[in-house]
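Enquirer: Have a look at the structure that comes next, please.
The values are calculated or read from the model by the stated rules, or taken from the named source; none is laboratory data. Note that the structure is a prediction, hence the values are computed from the model and not measured. Ideal geometry is used to build each Cβ from the backbone, glycine not excepted, and the neighbour counts take in all protein chains shown. Ligands, DNA and RNA are excluded from the accessible area calculation, which covers all protein heavy atoms including side chains. Shrake-Rupley method; radii C 1.70, N 1.55, O 1.52, S 1.80 Å.
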Amino acid sequence: MKSLKRYLDRVKPNFEPGGKLQSLQSVYDGFETFLFTPNTTSRPGAVNVHDALDSKRIMIIVVLALMPCLLFGMYNTGYQNWLAAGATEFPFWQLMAYGFLAVIPRILVAYVVGLGIEFAVAQWRHEEIQEGFLVTGILIPLICPVETPLWMLAVATAFSVIFVKEVFGGTGYNVFNVALVTRAFLFFAYPAQMSGDKVFVSTDSILGLGHDLPDSFTGATPLGQIASFAGDKLELLNLRGDVISTWDAFLGLIPGSFGETSTLCILIGAVILLATGIASWRIMLSVIAGGLIMGWIANVFETPTYPASFLSPVDQLLFGGFAFAAVFMATDPVTAARTGVGKYVYGLLVGVMAVLIRTYNNGYPEGAMLAVLLANALAPLIDYCVVQANVSRRRKRLRERAGA
(Lines give C-alpha, C1' and ligand atoms only; values in the text may rest on other atoms or scores of the structure.)
Protein backbone atom coordinates (compact mmCIF):
# COMPACT_ATOMS: atom_id res chain seq x y z
CA MET A 1 0.00 0.00 0.00
CA LYS A 2 2.90 2.36 0.70
CA SER A 3 4.27 1.84 -2.81
CA LEU A 4 0.84 2.55 -4.27
CA LYS A 5 0.58 5.73 -2.20
CA ARG A 6 4.02 6.87 -3.38
CA TYR A 7 3.03 6.21 -6.99
CA LEU A 8 -0.19 8.24 -6.62
CA ASP A 9 1.75 11.12 -5.04
CA ARG A 10 4.23 11.02 -7.92
CA VAL A 11 1.60 11.25 -10.68
CA LYS A 12 -0.65 13.69 -8.81
CA PRO A 13 0.87 16.85 -10.39
CA ASN A 14 -0.30 15.61 -13.79
CA PHE A 15 -3.93 15.88 -12.61
CA GLU A 16 -3.66 19.24 -10.85
CA PRO A 17 -4.42 22.57 -12.60
CA GLY A 18 -1.77 23.11 -15.27
CA GLY A 19 -0.97 19.39 -15.59
CA LYS A 20 -1.39 17.52 -18.84
CA LEU A 21 -4.25 15.45 -17.36
CA GLN A 22 -5.97 18.26 -15.45
CA SER A 23 -9.29 17.47 -17.14
CA LEU A 24 -9.32 14.18 -15.20
CA GLN A 25 -8.67 15.72 -11.79
CA SER A 26 -12.04 14.55 -10.42
CA VAL A 27 -11.33 10.98 -11.52
CA TYR A 28 -7.92 10.98 -9.81
CA ASP A 29 -9.32 12.55 -6.65
CA GLY A 30 -12.12 9.99 -6.46
CA PHE A 31 -9.69 7.10 -6.90
CA GLU A 32 -7.20 8.44 -4.36
CA THR A 33 -9.74 9.23 -1.65
CA PHE A 34 -11.40 5.84 -2.17
CA LEU A 35 -8.11 4.11 -1.30
CA PHE A 36 -6.68 6.48 1.32
CA THR A 37 -8.02 8.92 3.91
CA PRO A 38 -7.43 12.48 2.64
CA ASN A 39 -4.59 14.30 4.42
CA THR A 40 -5.75 17.81 3.58
CA THR A 41 -6.71 20.15 6.42
CA SER A 42 -9.01 23.14 6.64
CA ARG A 43 -7.92 26.72 7.02
CA PRO A 44 -6.94 27.92 10.53
CA GLY A 45 -9.80 29.38 12.52
CA ALA A 46 -12.48 27.22 10.91
CA VAL A 47 -14.88 25.27 13.09
CA ASN A 48 -14.70 21.54 12.37
CA VAL A 49 -15.75 18.19 13.72
CA HIS A 50 -12.87 15.73 13.32
CA ASP A 51 -13.86 12.17 12.53
CA ALA A 52 -11.85 9.47 10.78
CA LEU A 53 -15.07 7.88 9.48
CA ASP A 54 -15.69 9.95 6.35
CA SER A 55 -18.41 9.47 3.76
CA LYS A 56 -16.50 6.94 1.69
CA ARG A 57 -15.82 4.75 4.73
CA ILE A 58 -19.49 4.92 5.68
CA MET A 59 -20.48 3.79 2.21
CA ILE A 60 -17.98 0.93 2.30
CA ILE A 61 -19.38 -0.27 5.64
CA VAL A 62 -22.91 -0.21 4.20
CA VAL A 63 -21.70 -2.26 1.22
CA LEU A 64 -20.16 -4.77 3.66
CA ALA A 65 -23.48 -4.92 5.52
CA LEU A 66 -25.16 -5.79 2.21
CA MET A 67 -22.79 -8.67 1.51
CA PRO A 68 -24.82 -11.33 3.41
CA CYS A 69 -27.90 -10.42 1.35
CA LEU A 70 -25.89 -10.48 -1.88
CA LEU A 71 -24.28 -13.86 -1.15
CA PHE A 72 -27.54 -15.44 -0.06
CA GLY A 73 -29.24 -13.96 -3.12
CA MET A 74 -26.73 -15.83 -5.27
CA TYR A 75 -27.52 -19.09 -3.52
CA ASN A 76 -31.28 -18.56 -3.59
CA THR A 77 -31.26 -17.69 -7.29
CA GLY A 78 -29.66 -21.03 -8.04
CA TYR A 79 -31.85 -22.81 -5.50
CA GLN A 80 -35.07 -21.49 -7.03
CA ASN A 81 -33.94 -22.53 -10.52
CA TRP A 82 -33.03 -26.04 -9.37
CA LEU A 83 -36.25 -26.29 -7.31
CA ALA A 84 -38.44 -25.20 -10.24
CA ALA A 85 -36.77 -27.85 -12.41
CA GLY A 86 -37.80 -30.55 -9.91
CA ALA A 87 -34.27 -31.26 -8.67
CA THR A 88 -33.81 -33.35 -5.55
CA GLU A 89 -30.18 -32.40 -4.97
CA PHE A 90 -28.87 -28.87 -4.59
CA PRO A 91 -25.07 -28.67 -5.08
CA PHE A 92 -23.97 -25.62 -3.10
CA TRP A 93 -21.13 -24.35 -5.29
CA GLN A 94 -23.08 -24.83 -8.50
CA LEU A 95 -25.98 -22.87 -7.06
CA MET A 96 -23.60 -20.10 -5.95
CA ALA A 97 -21.89 -20.01 -9.34
CA TYR A 98 -25.25 -19.79 -11.10
CA GLY A 99 -26.38 -16.93 -8.88
CA PHE A 100 -23.04 -15.16 -9.31
CA LEU A 101 -23.32 -15.30 -13.09
CA ALA A 102 -26.92 -14.06 -12.87
CA VAL A 103 -26.21 -10.98 -10.72
CA ILE A 104 -22.76 -9.84 -11.86
CA PRO A 105 -23.98 -8.42 -15.21
CA ARG A 106 -26.64 -6.44 -13.35
CA ILE A 107 -24.16 -5.02 -10.84
CA LEU A 108 -21.79 -4.08 -13.66
CA VAL A 109 -24.56 -2.34 -15.62
CA ALA A 110 -25.69 -0.38 -12.56
CA TYR A 111 -22.16 0.76 -11.69
CA VAL A 112 -21.06 1.52 -15.26
CA VAL A 113 -24.16 3.61 -16.01
CA GLY A 114 -24.46 5.31 -12.61
CA LEU A 115 -20.78 5.99 -12.00
CA GLY A 116 -20.30 6.98 -15.64
CA ILE A 117 -22.94 9.69 -15.25
CA GLU A 118 -21.50 10.83 -11.91
CA PHE A 119 -17.96 10.98 -13.35
CA ALA A 120 -19.20 13.02 -16.31
CA VAL A 121 -21.15 15.43 -14.12
CA ALA A 122 -18.21 15.85 -11.73
CA GLN A 123 -15.89 16.68 -14.61
CA TRP A 124 -18.41 19.12 -16.07
CA ARG A 125 -18.90 20.89 -12.72
CA HIS A 126 -15.20 20.66 -11.79
CA GLU A 127 -16.16 18.98 -8.51
CA GLU A 128 -14.89 15.91 -6.72
CA ILE A 129 -16.66 12.65 -7.47
CA GLN A 130 -19.29 11.84 -4.87
CA GLU A 131 -19.30 8.43 -3.23
CA GLY A 132 -23.03 7.88 -2.79
CA PHE A 133 -23.34 5.54 -5.76
CA LEU A 134 -21.04 3.00 -4.10
CA VAL A 135 -24.11 1.86 -2.17
CA THR A 136 -26.77 2.67 -4.75
CA GLY A 137 -24.99 0.62 -7.41
CA ILE A 138 -25.31 -2.57 -5.39
CA LEU A 139 -28.77 -1.80 -3.99
CA ILE A 140 -30.35 -1.57 -7.44
CA PRO A 141 -29.70 -5.21 -8.46
CA LEU A 142 -30.64 -6.42 -4.98
CA ILE A 143 -34.15 -4.91 -5.07
CA CYS A 144 -34.99 -5.89 -8.65
CA PRO A 145 -36.24 -9.25 -9.96
CA VAL A 146 -33.48 -11.47 -11.28
CA GLU A 147 -35.08 -11.59 -14.74
CA THR A 148 -35.00 -7.79 -15.24
CA PRO A 149 -33.48 -7.16 -18.72
CA LEU A 150 -30.12 -5.39 -18.60
CA TRP A 151 -31.15 -2.60 -20.94
CA MET A 152 -34.13 -1.75 -18.73
CA LEU A 153 -31.84 -1.64 -15.72
CA ALA A 154 -29.52 0.74 -17.59
CA VAL A 155 -32.36 3.07 -18.62
CA ALA A 156 -33.86 3.16 -15.13
CA THR A 157 -30.50 3.75 -13.46
CA ALA A 158 -29.68 6.63 -15.82
CA PHE A 159 -33.09 8.20 -15.25
CA SER A 160 -32.79 7.94 -11.48
CA VAL A 161 -29.22 9.27 -11.22
CA ILE A 162 -29.92 12.23 -13.50
CA PHE A 163 -33.40 13.30 -12.45
CA VAL A 164 -33.45 12.24 -8.80
CA LYS A 165 -29.87 13.02 -7.80
CA GLU A 166 -27.79 15.20 -10.11
CA VAL A 167 -30.44 17.83 -10.89
CA PHE A 168 -30.78 18.41 -7.15
CA GLY A 169 -27.03 18.87 -6.68
CA GLY A 170 -25.65 15.37 -6.25
CA THR A 171 -25.00 13.21 -3.19
CA GLY A 172 -26.63 14.56 -0.05
CA TYR A 173 -29.20 16.72 -1.83
CA ASN A 174 -31.62 14.16 -3.26
CA VAL A 175 -35.11 14.09 -1.77
CA PHE A 176 -35.92 10.49 -2.74
CA ASN A 177 -33.94 7.29 -2.40
CA VAL A 178 -32.18 6.81 -5.75
CA ALA A 179 -32.29 3.00 -5.76
CA LEU A 180 -36.00 2.94 -4.94
CA VAL A 181 -36.81 5.44 -7.68
CA THR A 182 -34.96 3.13 -10.08
CA ARG A 183 -37.20 0.29 -8.93
CA ALA A 184 -40.30 2.49 -9.16
CA PHE A 185 -39.38 3.64 -12.68
CA LEU A 186 -39.05 0.02 -13.78
CA PHE A 187 -42.31 -0.96 -12.10
CA PHE A 188 -44.40 1.78 -13.70
CA ALA A 189 -42.62 1.94 -17.07
CA TYR A 190 -42.33 -1.81 -17.65
CA PRO A 191 -44.96 -3.46 -15.40
CA ALA A 192 -45.06 -6.71 -17.35
CA GLN A 193 -41.33 -7.28 -16.76
CA MET A 194 -41.38 -6.20 -13.11
CA SER A 195 -44.35 -8.09 -11.69
CA GLY A 196 -46.33 -11.25 -12.22
CA ASP A 197 -45.30 -14.87 -12.01
CA LYS A 198 -42.37 -15.09 -14.44
CA VAL A 199 -39.77 -12.56 -13.28
CA PHE A 200 -38.68 -13.67 -9.81
CA VAL A 201 -37.14 -17.03 -10.75
CA SER A 202 -34.31 -17.32 -13.27
CA THR A 203 -35.60 -19.58 -16.02
CA ASP A 204 -32.54 -20.08 -18.24
CA SER A 205 -29.27 -21.94 -17.89
CA ILE A 206 -26.14 -19.77 -17.77
CA LEU A 207 -22.90 -21.04 -19.34
CA GLY A 208 -24.07 -24.61 -18.90
CA LEU A 209 -25.16 -24.13 -15.29
CA GLY A 210 -28.76 -24.41 -14.18
CA HIS A 211 -31.86 -25.55 -16.02
CA ASP A 212 -33.91 -24.17 -18.90
CA LEU A 213 -37.45 -23.96 -17.58
CA PRO A 214 -40.50 -24.17 -19.87
CA ASP A 215 -42.20 -20.96 -21.02
CA SER A 216 -45.29 -21.98 -19.09
CA PHE A 217 -43.40 -21.91 -15.78
CA THR A 218 -44.72 -19.53 -13.11
CA GLY A 219 -42.99 -18.63 -9.87
CA ALA A 220 -44.93 -15.98 -8.00
CA THR A 221 -43.70 -14.55 -4.73
CA PRO A 222 -45.63 -15.49 -1.57
CA LEU A 223 -47.36 -12.10 -1.53
CA GLY A 224 -48.25 -12.52 -5.20
CA GLN A 225 -49.78 -15.92 -4.54
CA ILE A 226 -51.76 -14.58 -1.59
CA ALA A 227 -53.02 -11.48 -3.42
CA SER A 228 -54.47 -13.63 -6.22
CA PHE A 229 -55.88 -16.30 -3.89
CA ALA A 230 -59.62 -17.00 -4.09
CA GLY A 231 -60.76 -18.98 -1.09
CA ASP A 232 -61.43 -18.81 2.62
CA LYS A 233 -58.97 -18.15 5.42
CA LEU A 234 -58.40 -21.80 6.30
CA GLU A 235 -57.56 -22.71 2.71
CA LEU A 236 -55.10 -19.81 2.44
CA LEU A 237 -53.38 -20.63 5.71
CA ASN A 238 -53.10 -24.28 4.66
CA LEU A 239 -51.56 -23.15 1.36
CA ARG A 240 -49.20 -20.84 3.21
CA GLY A 241 -48.12 -23.61 5.58
CA ASP A 242 -47.77 -26.29 2.87
CA VAL A 243 -45.90 -24.16 0.32
CA ILE A 244 -43.82 -21.85 2.52
CA SER A 245 -42.83 -22.57 6.09
CA THR A 246 -42.04 -19.77 8.51
CA TRP A 247 -38.47 -21.05 8.68
CA ASP A 248 -38.06 -20.90 4.89
CA ALA A 249 -39.49 -17.39 4.87
CA PHE A 250 -37.05 -16.33 7.60
CA LEU A 251 -34.07 -17.92 5.84
CA GLY A 252 -35.20 -16.53 2.49
CA LEU A 253 -35.69 -19.72 0.46
CA ILE A 254 -38.61 -18.18 -1.40
CA PRO A 255 -39.04 -16.37 -4.74
CA GLY A 256 -38.48 -12.63 -4.62
CA SER A 257 -36.18 -9.80 -5.61
CA PHE A 258 -32.54 -10.84 -5.58
CA GLY A 259 -31.43 -9.60 -2.15
CA GLU A 260 -34.69 -9.04 -0.28
CA THR A 261 -35.83 -12.54 0.63
CA SER A 262 -33.62 -13.47 3.61
CA THR A 263 -34.69 -11.81 6.85
CA LEU A 264 -31.78 -13.56 8.60
CA CYS A 265 -29.17 -11.94 6.31
CA ILE A 266 -30.93 -8.59 6.58
CA LEU A 267 -30.69 -8.83 10.38
CA ILE A 268 -26.95 -9.53 10.10
CA GLY A 269 -26.64 -6.38 8.03
CA ALA A 270 -28.70 -4.47 10.60
CA VAL A 271 -26.32 -5.53 13.38
CA ILE A 272 -23.36 -4.22 11.37
CA LEU A 273 -25.06 -0.89 10.68
CA LEU A 274 -26.17 -0.43 14.28
CA ALA A 275 -22.83 -1.51 15.78
CA THR A 276 -20.99 1.05 13.65
CA GLY A 277 -23.53 3.78 14.41
CA ILE A 278 -24.33 4.33 10.73
CA ALA A 279 -28.06 3.52 10.72
CA SER A 280 -30.72 4.83 13.08
CA TRP A 281 -32.15 2.26 15.48
CA ARG A 282 -35.12 4.61 16.01
CA ILE A 283 -36.14 4.30 12.38
CA MET A 284 -35.62 0.52 12.24
CA LEU A 285 -37.57 -0.04 15.44
CA SER A 286 -40.44 2.23 14.46
CA VAL A 287 -40.76 0.71 10.97
CA ILE A 288 -41.08 -2.74 12.53
CA ALA A 289 -43.54 -1.41 15.12
CA GLY A 290 -45.62 0.26 12.42
CA GLY A 291 -45.70 -2.95 10.38
CA LEU A 292 -46.73 -5.05 13.37
CA ILE A 293 -49.45 -2.59 14.41
CA MET A 294 -50.94 -2.30 10.92
CA GLY A 295 -50.59 -6.07 10.39
CA TRP A 296 -52.50 -6.68 13.63
CA ILE A 297 -55.26 -4.22 12.64
CA ALA A 298 -55.61 -5.80 9.19
CA ASN A 299 -55.73 -9.26 10.77
CA VAL A 300 -58.43 -8.21 13.24
CA PHE A 301 -60.60 -6.86 10.41
CA GLU A 302 -59.79 -9.65 7.96
CA THR A 303 -61.90 -10.06 4.83
CA PRO A 304 -61.79 -12.50 1.87
CA THR A 305 -61.81 -9.50 -0.46
CA TYR A 306 -58.24 -8.79 0.64
CA PRO A 307 -56.55 -12.17 1.26
CA ALA A 308 -53.38 -10.54 2.68
CA SER A 309 -55.44 -9.50 5.70
CA PHE A 310 -55.40 -13.19 6.76
CA LEU A 311 -51.63 -13.02 7.31
CA SER A 312 -50.28 -12.68 10.82
CA PRO A 313 -48.28 -9.52 11.68
CA VAL A 314 -45.07 -11.60 11.74
CA ASP A 315 -45.76 -12.90 8.22
CA GLN A 316 -46.06 -9.31 7.06
CA LEU A 317 -42.50 -8.70 8.25
CA LEU A 318 -41.08 -11.86 6.69
CA PHE A 319 -42.61 -11.60 3.22
CA GLY A 320 -41.65 -9.22 0.44
CA GLY A 321 -39.21 -6.36 0.82
CA PHE A 322 -40.44 -5.16 4.22
CA ALA A 323 -37.38 -6.15 6.27
CA PHE A 324 -34.95 -4.92 3.59
CA ALA A 325 -36.75 -1.58 3.43
CA ALA A 326 -36.69 -1.23 7.22
CA VAL A 327 -32.93 -1.79 7.46
CA PHE A 328 -31.41 -0.41 4.26
CA MET A 329 -33.96 1.89 2.62
CA ALA A 330 -35.85 3.72 5.33
CA THR A 331 -32.61 4.45 7.22
CA ASP A 332 -30.98 6.35 4.32
CA PRO A 333 -29.66 9.42 6.21
CA VAL A 334 -30.14 11.72 3.22
CA THR A 335 -33.82 11.04 2.56
CA ALA A 336 -35.06 10.10 6.05
CA ALA A 337 -36.20 12.36 8.87
CA ARG A 338 -33.32 13.78 10.93
CA THR A 339 -34.86 14.88 14.21
CA GLY A 340 -35.12 12.37 17.07
CA VAL A 341 -38.92 12.43 17.34
CA GLY A 342 -39.22 12.79 13.58
CA LYS A 343 -37.41 9.47 13.08
CA TYR A 344 -40.05 7.67 15.15
CA VAL A 345 -42.90 9.30 13.20
CA TYR A 346 -41.15 8.66 9.87
CA GLY A 347 -40.50 4.99 10.69
CA LEU A 348 -44.03 4.35 11.89
CA LEU A 349 -45.33 5.93 8.71
CA VAL A 350 -43.20 3.61 6.56
CA GLY A 351 -44.27 0.48 8.46
CA VAL A 352 -47.96 1.34 8.48
CA MET A 353 -48.11 2.35 4.83
CA ALA A 354 -46.15 -0.69 3.63
CA VAL A 355 -48.64 -3.13 5.17
CA LEU A 356 -51.61 -0.91 4.27
CA ILE A 357 -50.67 -0.80 0.59
CA ARG A 358 -49.85 -4.50 0.23
CA THR A 359 -52.97 -5.60 2.12
CA TYR A 360 -55.62 -3.41 0.50
CA ASN A 361 -54.31 -3.33 -3.07
CA ASN A 362 -54.41 -6.80 -4.58
CA GLY A 363 -52.91 -5.46 -7.78
CA TYR A 364 -49.74 -4.39 -5.98
CA PRO A 365 -48.83 -7.13 -3.47
CA GLU A 366 -45.72 -5.42 -2.09
CA GLY A 367 -45.92 -1.93 -0.58
CA ALA A 368 -42.49 -1.33 0.95
CA MET A 369 -41.11 0.58 -2.05
CA LEU A 370 -43.97 3.06 -2.28
CA ALA A 371 -44.14 3.41 1.50
CA VAL A 372 -40.51 4.54 1.74
CA LEU A 373 -40.84 6.93 -1.22
CA LEU A 374 -43.99 8.50 0.24
CA ALA A 375 -42.24 8.86 3.60
CA ASN A 376 -39.24 10.44 1.82
CA ALA A 377 -41.58 13.12 0.47
CA LEU A 378 -42.98 13.79 3.94
CA ALA A 379 -39.67 13.67 5.86
CA PRO A 380 -38.93 17.44 5.54
CA LEU A 381 -42.46 18.26 6.74
CA ILE A 382 -42.11 15.87 9.67
CA ASP A 383 -38.83 17.50 10.73
CA TYR A 384 -40.30 20.97 10.29
CA CYS A 385 -43.26 20.14 12.54
CA VAL A 386 -40.98 18.64 15.20
CA VAL A 387 -38.67 21.67 15.16
CA GLN A 388 -41.58 24.11 15.32
CA ALA A 389 -43.11 22.17 18.21
CA ASN A 390 -39.78 22.40 20.08
CA VAL A 391 -39.54 26.13 19.37
CA SER A 392 -43.09 26.71 20.62
CA ARG A 393 -42.46 24.66 23.75
CA ARG A 394 -39.27 26.53 24.58
CA ARG A 395 -40.88 29.90 23.87
CA LYS A 396 -43.71 29.00 26.24
CA ARG A 397 -41.18 27.95 28.90
CA LEU A 398 -39.31 31.27 28.58
CA ARG A 399 -42.56 33.22 28.90
CA GLU A 400 -43.48 31.29 32.04
CA ARG A 401 -40.08 32.02 33.54
CA ALA A 402 -40.32 35.70 32.61
CA GLY A 403 -43.79 35.91 34.18
CA ALA A 404 -42.55 34.30 37.36
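Enquirer: Kindly sort TYR98, TYR173, TYR360 by accessible area of their heavy atoms, largest first, with the probe set to 1.4 Å.
Expert: The ranking, largest first, comes out as TYR173, TYR360, TYR98.
Enquirer: Report the full-extension gain for the segment LEU71 to PHE159: residue separation times 0.36 nm, less the Cα-Cα distance, to one decimal in nm.
Expert: Gain on extension, LEU71 to PHE159, equals 28.9 nm.
Enquirer: So how much accessible area does LYS12 have, in Å² to the nearest 10, using a 1.4 Å probe?
Expert: About 60 Å², rounded to the nearest 10.
Enquirer: Work out how much length ARG393 to THR303 would gain on full extension: take 0.36 nm times their residue separation and subtract the Cα-Cα distance, in nm to one decimal.
Expert: 28.0 nm
Enquirer: Which value, in Å² rounded to 10, gives the accessible area of LEU267 with a 1.4 Å probe and all protein chains present?
Expert: Per-residue accessible area (LEU267): approximately 80 Å².
Enquirer: Which of LYS165/LYS396; LYS56/LYS396; LYS56/LYS343 have a Cα-Cα distance over 31 Å?
Expert: Correct reply: LYS165/LYS396; LYS56/LYS396.
Enquirer: Here is a further query. Could you put ILE357, ILE272 in order of accessible surface area, largest first, with the 1.4 Å probe and the full protein assembly present?
Expert: Final ranking, largest accessible area leading: ILE272, ILE357.
Enquirer: Counting only protein heavy atoms and using a 1.4 Å probe, what share of the accessible area of segment 265-404 belongs to carbon plus sulfur, as a whole percent?
Expert: Ligands and nucleic acids excluded, carbon and sulfur give 68 percent.
Enquirer: Quickly work out the GLU89-to-TYR7 label distance, labels modelled 7 Å from Cα along the C-beta direction, and quote it in nm with one decimal.
Expert: 4.5 nm
Enquirer: Roll a 1.4 Å probe over the protein heavy atoms and report the accessible area of CYS385 in Å², nearest 10.
Expert: 70 Å²
Enquirer: Also, I was wondering about something else. Estimate the FRET efficiency between ILE104 and VAL175 by the formula 1/(1 + (r/R0)^6), using the beta-carbon distance for r and 35 Å for R0, to the nearest 0.05.
Expert: Efficiency for this residue pair is about 0.65.
Enquirer: How do TRP247, TRP82 rank by accessible surface area computed with a 1.4 Å probe, from largest to smallest?
Expert: TRP247, TRP82
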